[in-house]
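Shown next, in C-alpha cells, is the structure this report addresses.
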Amino acid sequence: MDDEKENIQRQIVLPLRKALEISFKSLRIRFWRSIITTGGVILGIAFLMSIFTTDLVNKGLIEKGSAETSTLIQEEEEESSAQQIWLVSLSLLVCVVGITNAMLMSVTERYREIGTMKCLGALDTFIWKLFLLESFFQGLVGSFIGVVVGGGFVIMASLLRYGGQVIPAFPKLQFMGYALAALVIGVVISVIGAFFPASQAAKMVPAEAMRSEM
Amino acid sequence: MPMTQQNVVRTRDVKKVFILGKIPLEALKGINLEIKRGEYISIMGPSGSGKSTLFNMIGGLDKPSEGKVYIDEVDVAQLDAYELAWLRCRKIGYIFQTFNLIPVMTALENVTLPMVFAGMSSDDSRSKGVELLELVGLGDRVQHKPLELSGGQQQRVAVARALANDPAIVLADEPTGNLDLKTGKEIISLLRRLNKEKEVTIISATHDLKMLDVSDRIFWIRDGRVERVEERSEIKLEVGTMEGEEA
Ligand SMILES: Nc1ncnc2c1ncn2[C@@H]1O[C@H](COP(=O)(O)OP(=O)(O)O)[C@@H](O)[C@H]1O
Ligand SMILES: [Mg+2]
C-alpha cells in the first residue's frame with residue numbers, strides 16, 4: 001500500500017518561453033539594480049573592446065597612415081603588446097568574479113522567492129533557467145554598452161590624436177568582427193558567472209529557502 | 001479503502017533532528033497524526049515547539065530524519081523530484097506568515113503562477129485567477145503589486161494563490177501572525193468559508209487562539225510532541241463556559 005502512487009503524477013517541464021517571460025519581467029522591474037549588476041560586464045567589455053580597437057586603429061594607420069604616424073606607432077607597439085594580453089586576461093577575470101558576485105547577491109536576496117516558487121511547483125531546472133536567462137540578458141545588454149563605450153572612446157581619442165587619417169585607414173569590417181567577438185565573450189562570461197549561484201539556488205530545499213530572514 | 005475514511009495526511013513517528021554546529025536539536029520527537037479529508041485542523045503550540053518544522057514535513061518541503069509522511073496514502077519519501085513538484089503544485093496549497101508573494105508580480109500573476117507551473121494556458125489561468133481573487137474579495141485589486149496592498153490584502157492574495165490548482169490540502173503556517181486582530185479574524189473566517197465551500201482540508205500551524213473557534217480538531221504541540229488532541233465538541237464547550245463566565 002505504501003507504494004501506491006497512482007494518484008501522483010509527474011510535474012511537467014515548462015517551455016523556455018515561460019522562464020523567458022518571467023526572467024525578463026524580473027529584470028525590467030529591477031532595472032536600475034540590473035544596470036548596477038551589469039556594470040561589471042560593461043567595464044570589462046569596454047576595456048576589452050578599447051584594446052581591440054586600439055589595435056585596429058594602429059594596424060590601419062601603420063598600413064595606410066602617413067609615414068610619420070606609422071613609425072611612431074610601430075615604436076610604441078613593440079613594448080605594449082605582451083602587456084595588453086595580460087591586461088585583457090585580467091579584465092576578463094575581474095569580469096567573471098564580478099558577475100558571479102553580483103549573481104550570488106541576487107540569489108541570496110531572493111532565497112525566499114526561490115523557495116516560494118518551489119512550493120508552487122517549480123522544478124529545479126526552472127530555477128536554473130531563470131537565473132541563467134537573467135544573466136544572459138544582463139550579459140547581452142552590458143556587453144553591447146561595453147562595446148559601444150570602449151570602441152567609441154578609442155576611436156574618438158585616435159581622431160583627436162592622429163586627425164582625420166584615422167577614418168579611411170580604419171578596418172571597419174574587422175572592427176565589426178571584434179565587436180561581435182566581444183559581445184559573445186561578454187555573454188559567455190555572464191552565463192558562466194551565473195552558473196554557480198544558479199546551481200546553489202536550484203538545489204536548495206524549499207524549507208531552507210523560506211527560513212532565511214530578510 | 002473507503003473514501004470517506006481516507007486520511008489525506010498521515011504521519012508515523014516523524015522525527016526531525018537539526019544539527020546546530022555539533023549539538024543535535026530534536027525539533028520533532030515522534031509525531032503521529034491522522035487528518036481526514038475536509039477537516040479544519042489547528043496545530044497549536046508555543047513558539048519553538050516545532051509547528052513550522054511539522055508544517056514543512058507535511059508539505060513535502062523538507063524531509064524527516066526518521067519516520068514517514070503520507071499524503072493521500074502515498075509515502076512522500078518515495079517521490080522523485082518531478083513527483084514532489086507535482087504534489088506541491090497540485091495537491092497542496094501553502095500560506096505563510098510572511099505572505100511570500102513574488103514582489104515583481106501583480107496579484108493576478110501571483111495567483112496564476114501555480115497554474116503556469118501546472119501547464120495551464122494563459123487564458124484559462126487568467127480567468128480562473130480573477131475568479132479566485134474575486135472569491136477572496138480582491139476583485140478590484142487584480143493588477144496591484146504586493147507592495148501596493150495591505151498585509152491583510154496580501155494574505156488574501158496568498159489564500160487565492162493557495163487555491164490555484166484546487167488542492168486537496170491548504171497548509172498555513174501562522175497565517176495571522178503578521179496581521180492585526182481584525183484582519184486576522186477576517187483571514188480565519190475566509191479560510192473556514194473555503195473549507196466548507198470547497199471541501200478543502202485546512203491545516204494551520206498557529207498560536208492564535210482565534211483559530212480555536214473554527215477548528216474541527218486541535219493538535220496541541222509542546223516540545224516536538226503532540227501533547228493532546230481536542231475535538232470540536234470539547235472546544236465548543238470550553239468556549240461556551242468562557243463566554244458564560246464573562247457574562
Ligand atoms: N533549519 C533549522 N536549523 C536548526 N534549528 C531549527 C531549524 N528549524 C527549526 N529549528 C529549531 O527547531 C525548533 C522548532 O522550531 P519551529 O518548528 O520553527 O517552531 P515553531 O514554528 O513552533 O515556532 C526550534 O528550537 C528551532 O530553533
Ligand atoms: Mg513557526
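The values are calculated or read from the model by the stated rules, or taken from the named source; none is laboratory data. Remember, predicted model here, so these are calculated numbers, not experimental data. Note that each Cβ is placed from the backbone with ideal geometry, even for glycine, and that neighbours are counted across all protein chains shown. Surface accessibility is based on the protein's heavy atoms, side chains included, excluding ligands, DNA and RNA. Shrake-Rupley method; radii C 1.70, N 1.55, O 1.52, S 1.80 Å.
Tabulated values for the structure
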{"read-out": "Count of the stretch A:111-159 residues which are open to solvent by less than 30 Å² (accessible area, probe 1.4 Å), in a helix (DSSP H, G or I) and within 9 Å of another protein chain (Cβ to nearest Cβ)", "value": "7"}
{"read-out": "Qualifying positions in the stretch B:24-70 - within 13 Å of ligand 2 (Cβ to nearest atom), more than 14 Å from chain A (Cβ to nearest Cβ) and either more than 30 Å from residue B:233 (Cβ to Cβ) or not aliphatic (A, V, I, L, M) (or both)", "value": "B:45, B:46, B:47, B:49"}
{"read-out": "Single residue of A:79, A:68 found to be out of contact with any Pro (no Cβ under 9 Å at 6 or more places or on another chain), assigned to a helix (DSSP H, G or I) and at pLDDT below 85", "value": "A:79"}
{"read-out": "Which numbered condition residue B:185 misses (of (1) away from ligand 2 (no atom under 14 Å from the Cβ); (2) crowded, with 21+ Cβ neighbours inside 10 Å; (3) not in a strand (DSSP E or B))", "value": "(2)"}
{"read-out": "Pick from the stretch B:81-97, criterion open to solvent by 60 Å² or more (accessible area, probe 1.4 Å) and more than 7 Å from chain A (Cβ to nearest Cβ), ranking: farthest from residue B:159 (Cα to Cα)", "value": "B:90"}
{"read-out": "Flag if residue A:196 is more than 26 Å from residue A:105 (Cα to Cα) and more than 16 Å from ligand 2 (Cβ to nearest atom)", "value": "no"}
{"read-out": "Failed criterion for residue B:176 (all others in (1) within 16 Å of ligand 1 (Cβ to nearest atom); (2) assigned to a strand (DSSP E or B) hold)", "value": "(2)"}
{"read-out": "Selected residue (only one of B:214, B:229 is over 23 Å from residue B:28 (Cβ atoms) and away from ligand 2 (no atom under 16 Å from the Cβ))", "value": "B:214"}
{"read-out": "Some residue of the stretch A:28-35 being free of Cβ contacts under 8 Å to residues at least 24 places away in the same chain and away from every other protein chain (no Cβ under 14 Å)", "value": "yes"}
{"read-out": "Residue B:75 being of a type in the set (Asp, Glu), within 11 Å of chain A (Cβ to nearest Cβ) and within 14 Å of ligand 1 (Cβ to nearest atom)", "value": "no"}
{"read-out": "Residues of the stretch A:42-76 satisfying the condition of being free of Cβ contacts under 8 Å to residues at least 40 places away in the same chain and more than 19 Å from residue A:183 (Cα to Cα)", "value": "A:58, A:62, A:67, A:68, A:70, A:71, A:72, A:73, A:74, A:75, A:76"}
{"read-out": "Failed item in (1) crowded, with 20+ Cβ neighbours inside 10 Å; (2) within 14 Å of another protein chain (Cβ to nearest Cβ), with residue B:147 passing the rest", "value": "(1)"}
{"read-out": "Of residues in the stretch B:47-72 being open to solvent by 20 Å² or more (accessible area, probe 1.4 Å) and more than 13 Å from residue B:30 (Cα to Cα), the one farthest from ligand 1 (Cβ to nearest atom)", "value": "B:63"}
{"read-out": "Number of positions in the stretch B:98-111 that are facing chain A (nearest Cβ under 7 Å) and more than 15 Å from residue A:26 (Cα to Cα)", "value": "1"}
{"read-out": "Qualifying residue in the stretch B:29-43 (condition: open to solvent by 30 Å² or more (accessible area, probe 1.4 Å), within 15 Å of ligand 1 (Cβ to nearest atom) and in a strand (DSSP E or B))", "value": "yes"}
{"read-out": "Any chance residue A:191 is within 30 Å of residue B:119 (Cα to Cα), away from every other protein chain (no Cβ under 14 Å), open to solvent by 20 Å² or more (accessible area, probe 1.4 Å) and modelled with pLDDT under 95", "value": "yes"}
{"read-out": "Boolean, residue A:183 is within 10 Å of the chain's Cα centre (by Cα), part of a helix (DSSP H, G or I) and either of a type in the set (A, V, I, L, M) or within 14 Å of another protein chain (Cβ to nearest Cβ) (or both)", "value": "yes"}
{"read-out": "Test: residue in the stretch B:166-182 that is away from ligand 2 (no atom under 16 Å from the Cβ), more than 14 Å from chain A (Cβ to nearest Cβ) and either hydroxyl-bearing (Ser, Thr, Tyr) or in contact with a Leu (Cβ under 9 Å, 6 or more places away or on another chain) (or both)", "value": "no"}
{"read-out": "Test: residue in the stretch B:15-22 that is away from ligand 1 (no atom under 11 Å from the Cβ), in a strand (DSSP E or B) and open to solvent by 10 Å² or more (accessible area, probe 1.4 Å)", "value": "yes"}
